[in-house]
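Report on the structure given below.
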Amino acid sequence: MKKLFLIVSLMALAPQAGAQVAVEPHPNQEALLESPDPALKANKKLVYDFWVKVFLGKDMALLPSMVAEGYIQHNPNVPTGRAALEGFLKSQPKPATPPTGIPNLVMITAERDIVTLAFVSRRKHPTKDGETYTTTWFDMFRVSDGKIVEHWDPAGIWH
């Protein structure tokens, strides 16, 4: 009887055990910039500042000091080169107030010359009308000589 109760109890909990744990933003973005390695810390800070001030804030005056002229872009919707990136960023709406952080930032990781930003991505559930789920988006950058030189993300071609 105990064995039957245990089996029934486990079956009742099984759907909950497999349920997704929602992706949540990190509560302290400043802590994500820390690293015992000064080079990794500097690379994280460069990418973070680029994202906040240039990508979100549209401060194009900072672009030459943060992004190399020969910047390589792997997102199929954005051309390669710093000038092309500037044109793309200028085509996007400028915020009413300067951003103070990165919305939905989950993690910043750095290894060698690569820095990755991971974000919460909320999406419509494909089979459950009106429901959403969370997953993770990322943007990855290569840094060389104190500038961003390359970018990757999982973007497909936009319509």
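No value in this document is a laboratory result; all are computed from the given coordinates. Nothing here was measured: the structure is a model prediction, and the numbers come from that model. Please note: Cβ atoms are built from the backbone with ideal geometry, for glycine as well, and neighbour counts cover all protein chains shown.
Ranking P99, H151, G87 by how far each Cα lies toward the positive end of the dipole of segment 22-152 (charges on Cβ) leaves G87 at the top.
The local environment of L105, defined by Cβ-Cβ distances under 12 Å, has a net charge of -2 under the rule Lys, Arg +1 and Asp, Glu -1. Sorting 30-42, 56-68 by their mean Cβ neighbour count within 10 Å, with the most densely packed peptide first, gives 56-68, 30-42.
Candidate values [x] 38, 20, 14; [y] 37, 26, 15; [z] 21, 20, 18 were compared with semi-axes √(5λ) of the Cα gyration tensor in Å computed on the shown model; the agreeing label is [x]. The ranking of V120, V143 by Cβ neighbour count inside 10 Å, starting from the fewest, reads V120, V143. Each Lys and Arg contributes +1 and each Asp and Glu -1, all at the Cβ; summed about the Cα centre of segment 22-152, the dipole is approximately 340 debye. Given Y48, G130, A31, which one lies farthest toward the positive end of the charge dipole of the chain, if we put +1 on the Cβ of every Lys and Arg and -1 on the Cβ of every Asp and Glu? Result: G130, furthest along the dipole toward the positive end. Shown for the chain: lysine pairs separated by 8 or more places, or found on different chains, whose C-alpha atoms are under 15 Å apart, numbering 10.
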